[in-house]
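Heads up, the thing below is written out as structure tokens.
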Amino acid sequence: MNTRIKTLASLLLALSVAVTLLAFANGGALAQDQDSPIVIINKPPSNSSYMQGDIISIESLSASPVGIVEVELYVDGQLVQRDDTPGALPETQFTLIQRWIANLPGSHVVTVRAIDSENRTGQAAINVIVANIAPTPVPAPTLAPPPTPTPVTCVLDARFVRDVTLPDNTVLAPGTSFVKTWTIQNSGTCAWDPQAVAVFTGGARMAGGSPHPVGALAAGATMDISINFVAPGSPGTYRSSWKMQSGSGVQFGQPFYVQIVIPGPPTPVPPPPPPPPPPNQGCQGAPIISFFTADNTDIQHGQGTTLRWGLVSNADSVYLETPHGSGGVPSPGETGVNPKQTATFILAAYCKGFRVQSQVTVNVHGGGGGGGGGGDGAQGSIDGMEVGTKNNKTQVRVFYSWNGAGGPAEVCASAPGTDRPCTNARPDAPYAVLNLNQPDAAPVTACLLDRDGREVACGSQ
């Protein structure tokens, strides 16, 4: 663990030096303090020049010891693109390419802003110069009468041909990264320009990068277009629709889309009756689970329940599998759970590779309701906590819901004999990470406070 800490500290120090050097070299403005995420714009260099209609690719590197969760791209202070990390999971280092179509001539400030899992932000900025496209000079007419003009029409068009990968309604696991490829034909009468792109037009974006570069294509020709996606984390059917767009920003042609299915929790299957094991030979055949239940299988958002299981016989190991991982457990046994959404828990028993399982589904209803304290009518709830030890401190991950009223609000955590760290609350943030200055602190209490410091909701673990 000490080696990993020293390695991460060295990496962050090196990134800080690199950020300073690149800021002087590229003219990038850094707006971040010592604890904020580090942001480096690798490409393009500051004061680069482009022609009107060019696609400008901005490559950035963001880093934070608590993990980057979101990167935003601004042009002249206006948000043009927002990207989450894959699966919306924190990443210590996150490299990303974002794009902007330079439709307006002049000098522009391009800013990349990174947000980490503790809601802190860091940013870097560069200048780009977009030149106006000069009109083509028209030659002076001659004295001879011009020939009769032949009417010429040029139509931009596109036609979906076929799915190359992932037929419609392909079933994928939540959070799976996948690539969708379509065959698209230029069905118009003129070629696509080199700045042609595919753009997201509706449905679920699923982390697909838009605009996605396509480039020139002759009339009548076909090409394969591939876009990277990440499957959502909740069950359901998701469609992401796209369309072609010219370098001048005009959308054209037939839309094309990807449609996937995220399955719900599996239907519990009762284990088959196991044969009795031979005497004095250890476990043989199928293990026997006497029972596996939950005290309450229908709870409200923010509530918890207790899983209980009886003696598991004829087994050499027993594991409890949850949405957050699995681990060995004794039998009989019990444990408390506090799922944020409907979840299935599995008790699996093994005998020399033979597996038998029993499962319980806990249905979670509602979410985001109000808590104590009230104040100015701020409504929120503490939905759950994960408590562990890291770097000789107690690390608390607080899952909360807040509707934004009574803000700015804070999420705070404390335990007997510790300090009470706080961080800003955000209506769209799923959780906050706080570190108490003592290891193995307990019990831990987390509260959501409104702008006047009054408690909106609290929870303990």
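Provide the gained length on full extension for the span S246 to Q300, in nm with one decimal, where the gain is 0.36 nm per separating residue minus the Cα-Cα distance.
Value of the extension gain: 14.5 nm.
Using amide H atoms built 1.01 Å from N in the peptide plane, name the residues 5+ places from N42, or on other chains, whose amide H lies under 5 Å from its own.
Distant-sequence amide H within range of N42: E59, S60, L61.
Among the lysines, which have Cα under 25 Å from the Cα of K243 when same-chain residues fewer than 8 positions away are ignored?
Cα-Cα hits under 25 Å: K180.
Run the quick spin-label model on C458 and N424: label points 7 Å from Cα toward the beta carbon, then report their separation in nm to one decimal.
2.6
Less than 27 Å apart at the alpha-carbon level, and either on another chain or at least 8 residues along: which lysines does that give for K393?
Here the lysines satisfying the reach criterion relative to K393 are K6, K340.
Restricting things to alpha carbons, find the Rg to Rh ratio for region 62-124 using the Kirkwood radius for Rh.
1.02
Any idea what diffusion coefficient region 282-417 gets from Stokes-Einstein, in µm²/s, Kirkwood Rh on alpha carbon pairs, 4 °C, 1.567 mPa s?
75
Express in whole angstrom the spacing between the alpha-carbon centres of region 300-339 and region 216-241.
For region 300-339 versus region 216-241, the Cα centre distance is 40 Å.
If you average the C-alpha positions of region 87-114 and of region 399-419 separately, how far apart do those two centres end up, in angstrom?
30
Given points 7 Å out from each Cα along the Cα-Cβ axis, report the V161 to D440 separation in nanometres with one decimal.
Roughly 6.6 nm, to one decimal.
Each value in this text was obtained by applying a stated rule to the coordinates, not by laboratory testing. Because the structure is predicted, anything quoted here is derived from the model rather than measured. Here Cβ is always computed from backbone atoms with ideal geometry, including for glycine, and neighbour counts include all displayed protein chains.
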